[in-house]
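J.: Before I ask anything, here is the structure I am working with.
The values are calculated or read from the model by the stated rules, or taken from the named source; none is laboratory data. Bear in mind that the values here come from a model prediction, so they are computed numbers and not experimental data. Cβ coordinates were reconstructed from backbone atoms using ideal geometry, including for glycine residues, and neighbour counts include every protein chain displayed. When the accessible area is computed, the model is the full protein with side chains, heavy atoms only, and any ligands, DNA or RNA have been set aside. Shrake-Rupley method; radii C 1.70, N 1.55, O 1.52, S 1.80 Å.
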Amino acid sequence: MNWESRVTKLLNIRYPIIQGGLAYLAYSDLAAAVSNAGGLGQITAMSLETPEMLREEIRKVRQKTNQPFGVNYAIGQHGRAFEHMLDVAIEEEVPVITMTGGNPAPIFEQLKGVNVKKLVLVAARRQAEKAEELGADAVMVVGQEGGGHLGKHDIGTMVLVPQVVDSVSIPVIASGGIGDGRGFMAALSLGAEGIEMGTRFIATKECIHASDLYKNRLISGTENDTVIIKRSLGAPARAITNQWTEKILKLEEQYGDYEALKDYISGKANLRYIHDGLEQEGFAWAGQVMGRIKDIPSVQELFNRITDEAEQIRKSWI
Ligand SMILES: Cc1cc2nc3c(=O)[nH]c(=O)nc-3n(C[C@H](O)[C@H](O)[C@H](O)COP(=O)(O)O)c2cc1C
């Protein structure tokens with residue numbers, strides 16, 4: 001079946017399925033596996049320590065696939081300047097740059113005259129319009145079901161996606177709560193021309209940096225086992241509920257300032273859970289779709305499953 005859309009043509013990929021930037025998890029193995037399966041894999045720049053480490057990771061992706069891939073920049077979240085990291089992606093001529101987490105204008109400025117596709121992950125209609133004005137080739141729109149950082153207004157994917165589709169003319173990619181062929185087809189029905197998934201890709205064989213504990217929690221957990229933290233900082237983000245997130249919520253209620261929270265929401269606390277598997281000594285991002293994850297397939301198996309299911313749905317509609 002043909003899955004061509006403006007998104008597949010723009011990114012030169014077979015299926016309009018994008019692997020989201022995944023801080024501390026999206027390295028070359030996952031990115032290459034997704035791109036080899038016909039989607040767009042990504043590596044996440046800002047969770048690498050140095051520009052040279054990013055260069056190495058980009059080269060590793062190229063050793064593992066000859067397909068297009070992206071480099072993701074979550075600006076304003078890791079407390080580090082992105083300019084040198086972006087220089088590396090420009091020098092290495094990566095085909096796609098995605099960005100999120102702050103005002104993307106400086107990134108567009110630095111990419112002026114560079115031959116690269118630019119995608120912005122947004123969580124509100126106004127942000128999508130701004131991205132289009134700045135020159136984005138497409139926007140990804142994440143609804144409130146999603147894992148990691150979200151919009152401030154708690155709008156779900158089902159409402160946000162058609163709203164954005166109606167307000168911009170560039171292609172829209174739906175994100176948040178999608179993990180199977182039904183979600184894929186639902187997104188297309190809403191007017192999106194592709195999907196982005198984050199949580200579902202963590203529970204795959206090629207997401208090798210995710211601890212077994214994290215992956216198993218994604219399988220055992222239900223849709224009730226996530227919670228939004230950091231709301232008091234104006235940066236709401238969805239994580240797996242545990243004692244650590246309960247403590248964060250208490251501190252938010254009591255103090256609600258960065259000083260009181262910083263050790264609890266740090267990258268180190270994130271890594272203790274997601275890399276080291278220390279369940280009660282840190283936190284891990286995940287979306288509500290974890291309630292629908294039941295296994296750890298390879299990325300190729302996951303793609304086969306999603307596209308087969310979507311094709312069955314398409315046939316049943318004719
Ligand atoms: C563990 C985790 C880390 C994430 N880190 C990033 C990131 O660094 N950059 C980014 O653009 N999005 C990041 N996101 C958001 C995802 O790219 C995607 O928008 C989101 O996961 C979609 O919702 P879903 O989890 O329901 O698929 C992250 C999400 C998760 C679950």
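J.: At a 1.4 Å probe radius, carbon and sulfur cover how many percent of the accessible area of the stretch 1-129?
T.: Carbon plus sulfur share of accessible area: 45 percent.
J.: Among the lysines, which fall within straight-line cross-link reach of LYS268, defined as a Cα-Cα distance under 21 Å, with same-chain neighbours fewer than 8 residues apart omitted?
T.: LYS268 reaches LYS215, LYS230, LYS247, LYS250.
J.: Just to be sure I understand: with springs between alpha-carbon atoms less than 10 Å apart, which residue in GLU132, GLU145, GLU83 has the highest mean-square fluctuation in the Gaussian network model of the chain?
T.: Ranking GLU132, GLU145, GLU83 by mean-square fluctuation puts GLU83 first.
J.: In addition: Considering only C-alpha atoms, what is the centroid distance from the stretch 145-191 to the stretch 231-263, in Å?
T.: Going from one Cα centre to the other spans 26 Å.
J.: While we're here: Give, rounded to the nearest 20 debye, the magnitude of the charge dipole that the stretch 47-155 has about its Cα centre when Lys and Arg contribute +1 at Cβ and Asp and Glu contribute -1 at Cβ.
T.: Computed charge dipole of the stretch 47-155: roughly 180 debye.
J.: Comparing ARG292, ARG59, ARG14, which has the greatest mean-square fluctuation in the GNM of the chain with Cα pairs linked when under 10 Å apart?
T.: Looking only at ARG292, ARG59, ARG14, the largest GNM fluctuation is found for ARG59.
J.: Calculated FRET efficiency, VAL227 and ARG305, Cβ-Cβ r, R0 25 Å, to nearest 0.05?
T.: Numbers: r = 28 Å, r/R0 = 1.14.
That pair, VAL227 with ARG305, gives E of 0.30.
J.: Here's a follow-up. Starting from the Cα-Cα distance between ALA105 and GLU281, subtract it from 0.36 nm times their residue separation and give me the gain in nm to one decimal.
T.: 59.7 nm
J.: Roughly what % of DSSP beta bridges within the chain run antiparallel, to the nearest 5?
T.: Around 20 percent of the beta bridges assigned by DSSP in the chain are antiparallel ones.
J.: Additional query: Say we join alpha carbon atoms closer than 10 Å with springs in a Gaussian network model of the chain; which of LYS215, LYS262, LYS230 then has the biggest fluctuation?
T.: LYS262
J.: Of the options SER266, GLN280, LEU251, report the single residue whose Cα projects farthest towards the positive end of the charge dipole of the stretch 222-282 (beta-carbon charges: Lys, Arg +1; Asp, Glu -1).
T.: Result: SER266.
J.: Next question. Accessible area per residue, 1.4 Å probe, Å², for the stretch 199-276: what's the number?
T.: Roughly 48 Å² per residue, with all protein chains present.
J.: Please list, short to long, the whole-number percent of alpha-carbon pairs of the chain in consecutive 10 angstrom bins beginning at zero.
T.: 6, 29, 38, 23, 4, 0
J.: Please list 232-243, 167-178, 89-100 highest first by mean number of surrounding beta-carbon atoms within 10 Å per residue.
T.: Working: 232-243: 18.0, 167-178: 24.1, 89-100: 20.8.
Those peptides, ordered most packed to least, come out 167-178, 89-100, 232-243.
J.: GluC sites (Glu not before Pro) within the stretch 201-259: which are DSSP loop residues with at most 16 other Cβ atoms inside 10 Å? Mind showing how you got there, number by number?
T.: Details: sites: GLU206, GLU223, GLU246, GLU252, GLU253, GLU259; in loops: GLU206, GLU223.
Counting only loop positions with at most 16 other Cβ atoms within 10 Å, the GluC sites (Glu not before Pro) in the stretch 201-259 are GLU223.
J.: Plugging the Kirkwood radius over Cα pairs into Stokes-Einstein for the stretch 1-140, at a temperature of 25 °C and a viscosity of 0.890 mPa s, what D comes out in µm²/s?
T.: Once the numbers are plugged in, D ends up at 164 µm²/s.
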